[in-house]
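Undergrad: Take this structure first; my questions come after.
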Amino acid sequence: MSHEAARRICRMFQRISVDIDAEKDRLSDLDGAIGDADHGITMSLGFAAVTSALGRLDPEATPSDLFKAAASAFLDAVGASTGPLYATAFRRAAQAVRSHEALSVSAQAEIVEAMTMGIRERGKGQRGDKTMLDAWIPAAEAAAEARERGEEASVMWANIVAAAEAGAKATRSMVAARGRAARLGERSLGHVDPGAASTVIILRAMRETLVA
Amino acid sequence: MQRFINNPDLVVEDTVKGFVKAHSDIVRLADNPRVVVAKDAPHAGKVGVVTGGGSGHEPAFIGYTGRNMLDAVAVGELFSSPTAKSFHDAIREANGGKGVIVLYGNYAGDNMNVKMAIKLAAKDGIEVATVVANDDVCSAPISEREKRRGVAGEIFMWKVGGAKAATGASLEEVRVTAQKAIDNCRSIGVGLGPCTLPAVGHPNFQIEPGTMEVGIGHHGEPGVRVEALKTADAVAKDMCQIVLDDHNLPAGTEVAVLLSGLGATPLNELYILNDTVESEIVKRGLKVYKTYIGNYFTSLEMVGATLTVLALDDELKTLLDVDVRCTTLL
């Protein structure tokens with residue numbers, strides 16, 4: 001059971017890596033408007049480091065081990081705020097899946113919720129700051145609701161992705177309050193936050209690979 | 001703008017390589033190519049002194065690596081915090097068995113990466129303390145000083161912290177003294193022209209010709225006001241007023257003054273500013289003990305200058321006078 005689950009987590013990270021890489025230039029362009037134009041490159045490097053670290057892991061590794069390894073690989077490869085934020089997200093996910101390694105629908109919801117919690121704790125940010133949390137928080141809320149209602153995976157993931165997309169879109173009309181774009185104050189208005197845009201890519205890739 | 005670069009994505013790599021080649025008598029590269037170490041570090045029985053930050057501020061941060069200054073420096077991408085791993089590796093390189101102090105600037109990424117590096121260092125059994133620079137007056141009101149960013153005042157914090165560590169002081173003593181140095185620092189920046197990250201190709205903030213931005217940050221963070229460019233005399237008076245009003249020092253206090261160009265301002269203009277800066281300081285009944293003028297902490301090719309005023313006591317004066325051996329003269 002845990003073997004199959006571990007394979008799905010590996011596929012998930014590979015898919016994220018491929019999809020982020022494909023959108024690298026778009027993410028960097030978004031970042032160029034309000035940051036330093038490296039978000040696409042940074043995320044792509046980070047997830048490439050994750051997939052290569054996972055490839056070196058023991059075949060007996062559990063989903064929790066995989067998330068833990070992903071956290072340290074990402075942290076070693078990426079600086080700025082993104083490194084610690086995603087590393088913490090993966091660590092929290094590792095804790096969340098420790099008790100149920102079979103990746104049930106509710107475990108999948110808990111992964112999204114735990115990642116969001118990790119990013120919130122590390123960045124001390126909240127909704128409306130114009131950061132990746134504007135996509136992660138609505139996604140986590142959608143995950144929690146679906147978990148409580150006992151929805152099936154496809155419905156839950158459709159809700160998660162839709163919530164993240166709407167959240168990312170809403171960042172266009174926000175003034176950045178945290179992170180590098182906050183340096184620009186009102187100059188950040190009118191631009192989608194690149195961190196929220198990459199969150200949508202990540203969640204879509206998770207949906208593609210986790211829905212059985 | 002025309003530049004001497006090879007590949008916009010390798011600017012940091014190439015900068016560090018050239019730096020280490022030029023100054024191999026003072027620094028060396030760690031196994032981690034994003035960590036520059038003083039050649040003779042670590043020193044057994046001395047508190048290790050570490051900083052780190054984004055690139056593009058040269059000579060900060062690497063240029064302050066050396067004897068009686070910084071033992072190791074973590075190097076980030078342009079305007080972007082180093083990784084937690086690089087901070088961790090810098091801490092290890094600086095560790096002489098008496099603990100390590102990390103003296104860095106108050107930015108979201110640096111705060112997170114240093115915090116994570118400290119946890120990693122704890123697993124190695126290295127005790128780490130921190131002091132976070134927050135000398136940029138216009139980045140938050142004095143009542144929220146913990147939100148202020150760190151700018152050129154960091155140099156005084158390194159100089160004082162490095163010299164204190166060299167006396168054989170304990171980790172806590174070094175922390176208290178470096179904290180005093182930054183508490184006694186106030187800085188302001190004035191921008192006359194923006195800078196461009198090579199990979200972006202266009203400035204992501206503008207300063208229109210004929211205007212200046214008072215209170216601008218080291219990465220183009222918005223200042224307190226944009227207004228018509230004034231004479232150097234008027235700009236210097238304005239800078240002094242903002243810094244000294246915030247400082248509120250008793251008459252008779254001795255101060256150190258640091259006027260740094262932001263990258264594309266010629267040295268002679270810094271001297272023109274200083275002519276008025278020193279007069280204004282004296283007018284307030286303060287005494288200038290020492291003045292540093294040059295490109296000490298830049299922001300790529302930004303046009304503009306920062307003024308930092310450090311209030312001194314006997315201890316800080318003694319530590320400021322300690323000879324150092326790093327590539328940037330102090």
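The values are calculated or read from the model by the stated rules, or taken from the named source; none is laboratory data. Computed from a prediction, not measured in an experiment: that's the story for all the values here. Ideal geometry is used to build each Cβ from the backbone, glycine not excepted, and the neighbour counts take in all protein chains shown.
Undergrad: Six or more apart or on different chains, Cβ atoms under 9 Å: show the pairs whose first residue is in region A:44-67 and among the acidic types (D, E) and whose second is at pLDDT 95 or above and in a helix (DSSP H, G or I).
TA: Correct list of pairs: A:D58/A:D65; A:D65/A:A94.
Undergrad: Further question on the same structure: Which one is surrounded by the most Cβ atoms within 10 Å (Cβ to Cβ) among residues in region B:121-139 that are of a type outside the set (A, V, I, L, M, F, W, C) and assigned to a strand (DSSP E or B)? So that I can check it myself, show each step before the final result.
TA: Our first condition is that a residue be of a type outside the set (A, V, I, L, M, F, W, C); within region B:121-139, this holds for B:123-125, B:127, B:130, B:134-136, B:139.
This time we only want the ones that are assigned to a strand (DSSP E or B), so: B:130, B:136.
On the way: B:T130: 18, B:D136: 28.
Ranking the qualifying residues of region B:121-139, first place goes to B:D136.
Undergrad: Considering (1) in contact with a helix residue (DSSP H, G or I) (Cβ under 8 Å, 6 or more places away or on another chain); (2) over 19 Å from B:V50 (Cβ atoms), say which one B:A121 fails and leave the rest.
TA: Failed condition: (2).
Undergrad: State whether the residues of region B:249-267 include one that is within 14 Å of chain A (Cβ to nearest Cβ) and loosely packed, with under 13 Cβ neighbours inside 10 Å.
TA: We begin by selecting, within region B:249-267, every residue within 14 Å of chain A (Cβ to nearest Cβ); these are none.
No, region B:249-267 contains no residue that is within 14 Å of chain A (Cβ to nearest Cβ) and loosely packed, with under 13 Cβ neighbours inside 10 Å.
Undergrad: Okay, moving on. Give, as residue ranges, the helices (runs of 4 or more DSSP H) completely inside region A:95-212 that count at least 2 residues that are without any contact (Cβ under 8 Å) to a residue 24 or more places away in the chain and more than 22 Å from A:A33 (Cβ to Cβ).
TA: Working: elements: A:105-123, A:133-149, A:153-170, A:194-210.
Result: A:105-123, A:133-149, A:153-170.
Undergrad: Looking at the structure I just gave you, is B:F156 of a type outside the set (A, V, I, L, M), buried (at least 24 other Cβ atoms within 10 Å of the Cβ) and either within 20 Å of B:G53 (Cβ to Cβ) or at pLDDT below 95 (or both)? Step through it out loud before you land on a result.
TA: Working: of a type outside the set (A, V, I, L, M): yes; buried (at least 24 other Cβ atoms within 10 Å of the Cβ): yes; either within 20 Å of B:G53 (Cβ to Cβ) or at pLDDT below 95 (or both): yes.
Yes.
Undergrad: Out of curiosity, is A:R15 among the basic types (K, R), under 30 Å from A:E101 (Cβ atoms) and within 16 Å of the chain's Cα centre (by Cα)? Before the answer, list the steps.
TA: Values: among the basic types (K, R): yes; under 30 Å from A:E101 (Cβ atoms): yes; within 16 Å of the chain's Cα centre (by Cα): yes.
The answer is yes for A:R15.
Undergrad: Another question about this same structure. How many residues, within region A:10-29, are surrounded by fewer than 18 Cβ atoms within 10 Å (Cβ to Cβ) and of a type in the set (V, I, T)?
TA: Of the residues in region A:10-29, 1 are surrounded by fewer than 18 Cβ atoms within 10 Å (Cβ to Cβ) and of a type in the set (V, I, T).
Undergrad: Now a separate question. Mind listing whichever residues of region B:279-312 are free of Cβ contacts under 8 Å to residues at least 24 places away in the same chain and among the charged types (D, E, K, R)?
TA: B:K283
Undergrad: Being more than 7 Å from chain A (Cβ to nearest Cβ) and under 23 Å from A:T82 (Cα atoms) is the filter here; which residues of region B:63-81 pass it? Full working, then the answer.
TA: Looking only at region B:63-81, we keep the residues that are more than 7 Å from chain A (Cβ to nearest Cβ), and these are B:63-75.
Within region B:63-81, B:V73, B:A74, B:V75 qualify.
Undergrad: Ok, one more. With region A:1-85 as the region, which helices (runs of 4 or more DSSP H) entirely inside it contain at least 3 residues that are among the charged types (D, E, K, R)? Reasoning before the result, please.
TA: Details: elements: A:2-22, A:24-34, A:39-55, A:63-77.
Ranges flagged: A:2-22, A:24-34, A:63-77.
Undergrad: Return the only residue of B:L244, B:L171 being of a type outside the set (G, A, S) and touching a strand residue (DSSP E or B) at 6+ places or on another chain (Cβ under 6 Å).
TA: Working: B:L244 fails: touching a strand residue (DSSP E or B) at 6+ places or on another chain (Cβ under 6 Å).
When all the criteria are applied, what remains is B:L171.
Undergrad: While we're looking at this one, here's another question. Please verify whether region B:195-207 includes one or more residues that are surrounded by fewer than 22 Cβ atoms within 10 Å (Cβ to Cβ), outside any loop (DSSP other than H, G, I, E, B) and on the phi < 0 side of the Ramachandran plot.
TA: Among the residues of region B:195-207, not one is surrounded by fewer than 22 Cβ atoms within 10 Å (Cβ to Cβ), outside any loop (DSSP other than H, G, I, E, B) and on the phi < 0 side of the Ramachandran plot, which makes the answer no.
Undergrad: Across region B:82-101, which residue is nearest to the other protein chains (Cβ to nearest Cβ) among those that are among the charged types (D, E, K, R) and closer than 18 Å to A:A73 by Cα? Break it down stepwise before answering.
TA: From region B:82-101, those among the charged types (D, E, K, R) are B:85, B:89, B:92-93, B:98; that's our starting set.
Checking which are closer than 18 Å to A:A73 by Cα leaves us with B:85, B:89.
Values: B:K85: 4, B:D89: 10 Å.
Within region B:82-101, the match that is nearest to the other protein chains (Cβ to nearest Cβ) is B:K85.
Undergrad: Sticking with this structure for a sec: I'd like to verify a number: residues in region B:146-171 that are in a loop (DSSP other than H, G, I, E, B) and in contact with a helix residue (DSSP H, G or I) (Cβ under 6 Å, 6 or more places away or on another chain), how many? Steps first, please.
TA: Narrowing region B:146-171 to residues in a loop (DSSP other than H, G, I, E, B): B:148-152, B:167-170.
Then keep just the ones that are in contact with a helix residue (DSSP H, G or I) (Cβ under 6 Å, 6 or more places away or on another chain); that gives B:148-149.
Looking only at that region, the number is 2.
Undergrad: Do we have any residue at all in region B:102-109 that's at pLDDT 95 or above, outside the structural domain of B:N204 (by TED's automatic domain parsing), part of a helix (DSSP H, G or I) and among the small types (G, A, S)? Explain how you work it out, then say what you get.
TA: First pass over region B:102-109, keeping only residues at pLDDT 95 or above: B:102-106.
Retained after the next criterion (residues that are outside the structural domain of B:N204 (by TED's automatic domain parsing)): B:102-106.
The next check asks that each one be part of a helix (DSSP H, G or I); those that pass are none.
Checking region B:102-109: not a single residue is at pLDDT 95 or above, outside the structural domain of B:N204 (by TED's automatic domain parsing), part of a helix (DSSP H, G or I) and among the small types (G, A, S).
Undergrad: Looking at region A:166-201 only, could you name the residues that are at positive phi and facing chain B (nearest Cβ under 9 Å)?
TA: Quick first cut of region A:166-201, residues at positive phi only: A:179, A:185, A:190.
Of everything in region A:166-201, those that are at positive phi and facing chain B (nearest Cβ under 9 Å) turn out to be A:G179, A:G185.
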